[in-house]
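Here's the structure, in structure tokens; my notes come after.
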Amino acid sequence: MDGSEPSMRMADHVGYMLQGQDRHSITLAHVAEKRLDFGGEVDEMFSRATDLLRENGIPEERIEYKVMRSDNVARAIMRENGDGRYAAIALGKRGNKPGTMDTFFPSSLSIRLLRLLDETALWISK
């Protein structure tokens, strides 16, 4: 999660899709750059996402929270995915238009994850 509207839409979508799936827990995760501190902004972001999940009937005991530090968001997500063996990774995609360099070296997190994931579904919301 990054606090953007697309990430909040994805939290709402995950809640909707998993509301009747009691065997699945939901991990709200944020990757912070190593050199930056995080605090109230992350708490507020998680609180907003938790409210959206609850509105879809997800009880608090099914929601987990994780904050990771890394300069490489895709690598941090892949490391967590390997440790947690998640069924899906869900993220919001901001509406940035790709530049010329993105044709050869895609910088979009969703594209990087799509290329790296083998067994985990990738849910993307714009």
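Leaving out ligands, DNA and RNA, and with a 1.4 Å probe, what % of the accessible surface on segment 1-72 is carbon or sulfur?
44
Working out 0.36 nm times the residue gap between Ala121 and Asp51, then minus their Cα-Cα distance, what length gain in nm do you get to one decimal? Walk me through the numbers on the way to the answer.
Working: separation 70, 0.36 × 70 = 25.20 nm, distance 2.42 nm.
Net length gain for the segment: 22.8 nm.
Between segment 1-30 and segment 61-79, what's the alpha-carbon centroid distance in Å?
Value for the Cα centre distance between the two parts: 14 Å.
Whose amide H sits under 5 Å from the amide H of Ala90, counting only residues 5 or more places off or on another chain, with H placed in the peptide plane?
HN-HN under 5 Å from Ala90: Trp123.
For segment 1-82, place one equal point scatterer on every Cα, skip the solvent, and apply the Debye formula. What is log10 of I(q)/I(0) at q = 0.18, 0.19, 0.23, 0.25 Å⁻¹?
-0.76, -0.84, -1.13, -1.25
Check which residues have an amide H placed less than 5 Å from Val31's amide H, if you skip close sequence neighbours.
Residues meeting the amide H criterion: Met68.
The values are calculated or read from the model by the stated rules, or taken from the named source; none is laboratory data. Just so it is clear, the structure is predicted and the values come from calculations on it, not from any experiment. We work out accessible area using only protein heavy atoms, side chains counted, and drop any ligands, DNA or RNA first. Shrake-Rupley method; radii C 1.70, N 1.55, O 1.52, S 1.80 Å.
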